[in-house]
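Engineer: Please read through the structure below; I'll follow up with questions.
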Amino acid sequence: MKIKKTHTTQNLENHYVVTGLFGDDRDFGVYKAPRLSGVECLFFSNSDVIGEYAYAQGWRFIKTFHPVLTNDYLESSLQSKWVKYLQFLNESPIIEEFLELPKSVLYFDHKFNVTSEHVSNILKRSTDASLLIRKTPIAKKSVNVEIDAALPYERYARHMEPTKAFINNRLAQGDKIDVTICNTGLIHYRNLEVSRDLADRVYNTCQSLKQPECQIVWAMHAQAFDDKIDVIDWNDPLVGDIEWQNPNVYSANGVLTVAPRRREPGHGIVVGGFHRSGTSSVAGMLHNSGISAGIDLMKGTESNTKGFFESWGLVNMHDRLMNAKGVDWATSLEHKAPLSESDLTELRAYFNQRAEHSDGAWCMKDPRIGRYLFEWMRVAPEFKVLVLYRSPNASALSLQKRSLREFVRTRGTLELPKRFYEDPDLALRLWVEHNEAYIKLCQAYPEDCMVIGHAAIINGFDVLQAVSVKFGVDTPTQSGKDFLDSSLLSQPRPIYVVSADVRDRAIAVWDALCGMDVSLQNPSAAPQSIEDQLILDIDGKFARAELLEVFAKAALKELEERHNVAQERHNVAQEALNKLKAAHQSQKNEIVTLKKQIQDVRHEYTTSTSWRISAPIRIGGRLVRQLRKRP
């Protein structure tokens, strides 16, 4: 499509509103152009199909000089920076043939439904700043927080190491790591002479690093322009009511479909927490109070007699995604296994399936979710997360016992439980890593997360009431309150820790969780220090001895169980044998009785004086004797 150069008849100040969408073989949405007198609405793309729909929505479509159509999200995302950071203004053929140099440029991502009223208000905003930009929806105060939020996305994680090297270089030059993160989805370049300098720096860095996560790059370069940037809140009245992520969606073949409906918050609750941290008991509470955990639930075992309340569909999906990337639930989170876009689609499909088949609120629980927290929040931002934690010594020891029992039961043939036998610190290290991830999630989504300690729940803290107040979800019944059986819990005791680093991290994580715990709002409820529960053992002698003790107890319990099984089988066999003996004796008694009856009848016949009786008997006797004489 060739666009000829035109001019508005009433050119007020010659402003541009620009957006774009790059790539192919994907669904896309196009909002109506926010047409306004004196404003050119430009839509850039390298796809004619997308361009035609943009044109139909009132945009001027300009096909870019990026002819390669790709379904690689990293490449298409990098292509979009060409528009976001005003590189089209450096292309003289575009300026000379289609456009004039504008006074200012308002850019926004295509997923934002910016209206002409929004555009008018932004242009009329009185400020001396050269740029206007919004903060992120959830306040982020550090580049590290943005990095953590980006890592779950494969296209961002792919080149994160060189990105970190760039950040370290900037820090060496005096830049700061703790700065306000801005959302680059909407930027008003008011003073082009100044703002294009920043835009060029961000664009060139993104391209050289092959890093489409431009908010990280912006945070570093923008520090040199602090006094020239007008940073407003996400919900600033100027732009706070801009709708997003909900345009009509057209597939790449041009078929109009309906975009997924955004559900009200609170419909889905993640019961989160590390293994052996009380998640099953709380999920059981919610499930028995009408907040369904699903229908295909994992049954109880010896280590969790009342049930896990984990959906087999969810567990199997997590295991399959992890196994495809060479990890499992006991693999360190430091071993990254980012999900692909198709994997994320599968997560969303599970969310949709659960939501569509649930009347009201529902919950899901699987400790494996700790690896994919931010991925789940990306595909299902409606989620609320209830974070449960237990003391590191209690959780680690319980997990170690369960794993060593499995190791003994399978006679060391399974590789996964064997790791807990070979590494005394593994259970504690995993506790640290998973809870560090939950802390980061709570920092990134403070309004959507709530932390409660398992000890408080055992002591009667009303979880259902807390869920109702924090997440706005009322439980249909209160019957789940009686679900928790504290008698099933083992008593925690101190454990030995080989690594000083793991111990220090565990203490720091415990303190951070306690600081977030809503059940500890009252200072009198402050938890005891955990330091004396984690005894440092650098040589590993006591840790190994403790591990062998746990192993020996597991082996002894396994032998006792096998003995009990053998004894039970013996008892069953003995009972069956006794029944056979009894039946045999009964048959012998019947034979004796029959013999006695025969003898009585014979005696009666042989002693009778009647020839009619004795004669046939004598004849029969002779016949029998003759038959016996025959060979």
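The values are calculated or read from the model by the stated rules, or taken from the named source; none is laboratory data. Worth saying up front: this structure is predicted, and the values here are computed from it rather than measured. Cβ: placed from backbone, ideal geometry, glycine included. Neighbour counts: every protein chain shown. Keep in mind that these areas ignore ligands, DNA and RNA; they rest on the heavy atoms of the full protein, side chains included. Shrake-Rupley method; radii C 1.70, N 1.55, O 1.52, S 1.80 Å.
Engineer: I'd like to check which helices (runs of 4 or more DSSP H) are fully inside region 382-469 and have at least 2 residues that are among the aromatic types (Phe, Trp, Tyr) and crowded, with 20+ Cβ neighbours inside 10 Å.
Structural biologist: Values: elements: 392-409, 415-422, 426-444, 454-458.
Passing ranges, in order: 426-444.
Engineer: Still on this structure, I have one more. Could you check Tyr389 against (1) in contact (Cβ under 8 Å) with a residue 60 or more places away in the chain; (2) more than 19 Å from Ala283 (Cα to Cα) and say which number it fails?
Structural biologist: The single condition Tyr389 does not satisfy is (2).
Engineer: Confirm whether Val463 is among the aliphatic types (A, V, I, L, M) and either in contact with an Asp or Glu (Cβ under 8 Å, 6 or more places away or on another chain) or more than 18 Å from Ile369 (Cα to Cα) (or both).
Structural biologist: On the way: among the aliphatic types (A, V, I, L, M): yes; either in contact with an Asp or Glu (Cβ under 8 Å, 6 or more places away or on another chain) or more than 18 Å from Ile369 (Cα to Cα) (or both): yes.
So Val463 fits the description; yes.
Engineer: Kindly provide the set of residues from region 215-239 that are closer than 21 Å to Val114 by Cβ and either modelled with pLDDT of 95 or more or open to solvent by 20 Å² or more (accessible area, probe 1.4 Å) (or both), ordered by number.
Structural biologist: Narrowing region 215-239 to residues closer than 21 Å to Val114 by Cβ: 215, 218, 229-239.
The answer is Gln215, Trp218, Ile229, Asp230, Val231, Asp233, Trp234, Asn235, Asp236, Pro237, Leu238.
A quick yes/no check of all residues on (1) under 23 Å from Asp200 (Cα atoms); (2) of a type in the set (S, T, N, Q); (3) modelled with pLDDT under 90:
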| residue | (1), (2), (3) |
| --- | --- |
| Tyr73 | yes, no, yes |
| Ser80 | yes, yes, yes |
| Lys103 | yes, no, yes |
| Ser126 | no, yes, yes |
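Engineer: Of the conditions (1) closer than 18 Å to Leu339 by Cβ; (2) surrounded by fewer than 23 Cβ atoms within 10 Å (Cβ to Cβ); (3) among the hydrophobic types (A, V, I, L, M, F, W, C), Met364 satisfies every one except a single condition; which number is it?
Structural biologist: The number of the failed condition is (2).
Engineer: Just checking, how many residues over region 183-214 are open to solvent by 10 Å² or more (accessible area, probe 1.4 Å) and outside any loop (DSSP other than H, G, I, E, B)?
Structural biologist: 14
Engineer: Of everything in region 523-543 that's open to solvent by less than 80 Å² (accessible area, probe 1.4 Å) and in a helix (DSSP H, G or I), which residue is modelled with the lowest pLDDT?
Structural biologist: Restricting attention to region 523-543, the residues satisfying the condition of being open to solvent by less than 80 Å² (accessible area, probe 1.4 Å) are 525-527, 529-530, 533-537, 540, 543.
Filter once more, keeping what is in a helix (DSSP H, G or I): 525, 533, 543.
Details: Ala525: 51, Gln533: 91, Ala543: 74.
Once the filter is applied, the top-ranked residue is Ala525.
Engineer: Can you tell me how many residues in region 124-135 are without any contact (Cβ under 8 Å) to a residue 60 or more places away in the chain and part of a loop (DSSP other than H, G, I, E, B)?
Structural biologist: The qualifying residues number 2.
Engineer: Could you pull out the residue among Gln223, Gln211, Gln207, Gln215 that is of a type in the set (S, T, N, Q), in contact with a strand residue (DSSP E or B) (Cβ under 7 Å, 6 or more places away or on another chain) and touching a residue at least 24 places away in the same chain (Cβ under 8 Å)? Even if it seems obvious, please write down each step before you answer.
Structural biologist: On the way: Gln223 fails: in contact with a strand residue (DSSP E or B) (Cβ under 7 Å, 6 or more places away or on another chain); Gln211 fails: in contact with a strand residue (DSSP E or B) (Cβ under 7 Å, 6 or more places away or on another chain); Gln207 fails: in contact with a strand residue (DSSP E or B) (Cβ under 7 Å, 6 or more places away or on another chain).
The conditions single out Gln215.
Engineer: Same structure, new question: Within the group Thr184, Thr205, which residue is closer than 21 Å to Ser120 by Cα, in contact with a helix residue (DSSP H, G or I) (Cβ under 6 Å, 6 or more places away or on another chain) and of a type in the set (S, T, N, Q)?
Structural biologist: Values: Thr205 fails: closer than 21 Å to Ser120 by Cα.
From the options Thr184, Thr205, the qualifying one is Thr184.
Engineer: Does region 284-306 hold any residues that are open to solvent by 10 Å² or more (accessible area, probe 1.4 Å) and closer than 30 Å to Glu561 by Cα, and which are they?
Structural biologist: Once the filter is applied, which keeps residues that are open to solvent by 10 Å² or more (accessible area, probe 1.4 Å) and closer than 30 Å to Glu561 by Cα, region 284-306 yields Asp296, Leu297, Met298, Lys299, Gly300, Thr301, Glu302, Ser303, Asn304, Thr305, Lys306.
Engineer: Specify the residue that is modelled with the lowest pLDDT; the eligible residues are those in region 61-71 that are under 13 Å from Asp48 (Cα atoms) and part of a loop (DSSP other than H, G, I, E, B). Talk me through it step by step, then tell me what you get.
Structural biologist: Taking region 61-71 as the starting set, the residues that turn out to be under 13 Å from Asp48 (Cα atoms) are 61-69.
Then drop every residue that is not part of a loop (DSSP other than H, G, I, E, B), which leaves 64-69.
Details: Thr64: 78, Phe65: 62, His66: 60, Pro67: 52, Val68: 59, Leu69: 56.
Step by step, filter region 61-71, then rank; the result is Pro67.
Engineer: Among the residues of region 305-326, write down those that are of a type in the set (A, V, I, L, M) and within 15 Å of the chain's Cα centre (by Cα).
Structural biologist: Our first condition is that a residue be of a type in the set (A, V, I, L, M); within region 305-326, this holds for 314-315, 317, 321-322, 324.
If the condition is that a residue be of a type in the set (A, V, I, L, M) and within 15 Å of the chain's Cα centre (by Cα), then Leu314, Val315, Met317, Leu321, Met322 are the ones that fit.
Engineer: For region 136-181, which positions are open to solvent by 60 Å² or more (accessible area, probe 1.4 Å), under 11 Å from Ile216 (Cβ atoms) and part of a loop (DSSP other than H, G, I, E, B)?
Structural biologist: Of everything in region 136-181, nothing turns out to be open to solvent by 60 Å² or more (accessible area, probe 1.4 Å), under 11 Å from Ile216 (Cβ atoms) and part of a loop (DSSP other than H, G, I, E, B).
Engineer: So the check is Cβ under 8 Å with 6+ separation or different chains; which pairs have a first residue in region 262-286 that's at pLDDT below 90 and assigned to a loop (DSSP other than H, G, I, E, B) and a second one that's small (Gly, Ala, Ser) and open to solvent by 10 Å² or more (accessible area, probe 1.4 Å)?
Structural biologist: Close Cβ pairs (under 8 Å, with a partner that is small (Gly, Ala, Ser) and open to solvent by 10 Å² or more (accessible area, probe 1.4 Å)) amount to Pro265/Gly472; Gly266/Ala361; Gly266/Gly472; His267/Ser358; His267/Gly360; His267/Ala361; Arg276/Ser398.
Engineer: For region 1-55, which residues satisfy the criterion of being open to solvent by 20 Å² or more (accessible area, probe 1.4 Å), in contact with a strand residue (DSSP E or B) (Cβ under 9 Å, 6 or more places away or on another chain), assigned to a loop (DSSP other than H, G, I, E, B) and at pLDDT 80 or above?
Structural biologist: If the condition is that a residue be open to solvent by 20 Å² or more (accessible area, probe 1.4 Å), in contact with a strand residue (DSSP E or B) (Cβ under 9 Å, 6 or more places away or on another chain), assigned to a loop (DSSP other than H, G, I, E, B) and at pLDDT 80 or above, then Asn14, Tyr31, Lys32, Arg35 are the ones that fit.
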